[in-house]
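Input: a single structure, listed below in structure tokens.
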Amino acid sequence: YGGQMMDLKFRAWDNARDEYFQVRSLSFSTSIIYKDLRIVATAGDQSSYGPNMILEQFIGLKDINGVDIYIGDIVKYYNLNNMYQYLPIIWSVQDCQPSAGGYRIDIVARRCEIIGNVHTDGDLIDS
């Protein structure tokens, strides 16, 4: 998984509107008083920005259908016995890289398909 340059792409979930927006710009400001990340995103002719936005990064891999995988996706992972389980794509702070239910993300990406996201399909995630 490591060692390759990847496209740096983001999407943003708007908690107030319950929908995804494509990130158009990110800006960071730092002062003595506060640090701020400003996300400006669009979906069709609508735009959104502000504290309700959750930034999700493309992990540099695609599922079996060629669809970009992002942090926040839920994938259907088929193991070597063709049994499957639903796994959330998260950022592992411990490993400093994306993870899927504790499995190596490069292995999962080769045998998974995106079936939803943690915001609207969280009930699919296996406990």
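Coordinate-derived values only; no laboratory data. These numbers come from a predicted model, not from an experiment. We place every Cβ from the backbone using ideal geometry, glycine too, and count neighbours over all the protein chains shown.
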**OP:** Can you confirm whether region 68-77 contains a residue that is touching a helix residue (DSSP H, G or I) at 6+ places or on another chain (Cβ under 6 Å), more than 18 Å from Trp13 (Cα to Cα) and not hydrophobic (A, V, I, L, M, F, W, C)?
**Re:** yes
**OP:** With the condition kept exactly as written, say whether any residue in region 55-69 is out of contact with any Phe, Trp or Tyr (no Cβ under 8 Å at 6 or more places or on another chain), without any contact (Cβ under 8 Å) to a residue 24 or more places away in the chain and within 20 Å of Asp7 (Cα to Cα).
**Re:** yes
Original post:
Only one of (1) aliphatic (A, V, I, L, M); (2) free of Cβ contacts under 8 Å to residues at least 40 places away in the same chain; (3) touching a Gly at 6+ places or on another chain (Cβ under 9 Å) is not met by Val40, so which one is it?
Top reply: (3)
